[in-house]
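Accompanying notes for the structure given below.
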Amino acid sequence: MVLTLVLLPAIAGMAEKGNVGFASLALDLGITIGKVVAFIAIMMLVGRRLVPWIMSRSAATGSRELFTLSVLALALGIAFGAVELFDVSFALGAFFAGMVLNESELSHRAAHDTLPLRDAFAVLFFVSVGMLFDPMVLVNSRWRAGDAGDYYLW
């Protein structure tokens, strides 16, 4: 699944170019996979030492807010670094950030402290998706309750 997320942007970019040969396809996919492997290697080396050190230092201050802020800064920093340096998607970078943060001894505390943020962002997500729905579509169409299945299929 993760490999599909990595390769999909590269394949989509090649599809926009039109007729692409096998050599070009193999080269682009090889470069993409190489970048992701380099990113994973850097995160495993740096992430196993630097991230737990930063988290333990911020936890040692005793400030819950500072700890939560450092967790969010690390997660966004790793995800943004993946986007900028290795041309992977932000979602894949966030996935790797979660994996790196999970390696820390303080991962359970980080998950517990960020639960209210998760709930707030879930609310924002559903509100934004709901705002994308145009209720006039239902008013303007000849929609009946019995045709709900047909309506959703089209």
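The values are calculated or read from the model by the stated rules, or taken from the named source; none is laboratory data. Small disclaimer: the values here were computed from a predicted structure and weren't measured. Ideal geometry is used to build each Cβ from the backbone, glycine not excepted, and the neighbour counts take in all protein chains shown.
For this structure, a couple of remarks:
Listed here are the residues, each with its yes/no results for (1) loosely packed, with under 14 Cβ neighbours inside 10 Å; (2) in a helix (DSSP H, G or I); (3) touching a residue at least 40 places away in the same chain (Cβ under 8 Å).
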site: G30; (1), (2), (3): yes, yes, no
site: G34; (1), (2), (3): yes, yes, no
site: V37; (1), (2), (3): yes, yes, no
site: M55; (1), (2), (3): no, yes, yes
site: G62; (1), (2), (3): yes, no, no
site: F80; (1), (2), (3): no, yes, no
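- Residue check for R109: farther than 30 Å from D28 by Cβ, modelled with pLDDT of 85 or more, assigned by TED's automatic domain parsing to the domain that holds D28 and of a type in the set (K, R): yes
Condition check ((1) over 30 Å from G62 (Cα atoms); (2) polar (S, T, N, Q); (3) in the same structural domain as A38 (by TED's automatic domain parsing)) across all residues:
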position	(1), (2), (3)
F90	yes, no, yes
N102	no, yes, yes
F126	yes, no, no
M131	yes, no, no
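- Scanning segment 64-78 for residues that are over 19 Å from P116 (Cβ atoms) and touching a residue at least 24 places away in the same chain (Cβ under 8 Å) yields one hit, I78.
- Just one residue in the set L7, L74, L69 is at pLDDT below 80 and under 21 Å from A94 (Cα atoms); that residue is L7.
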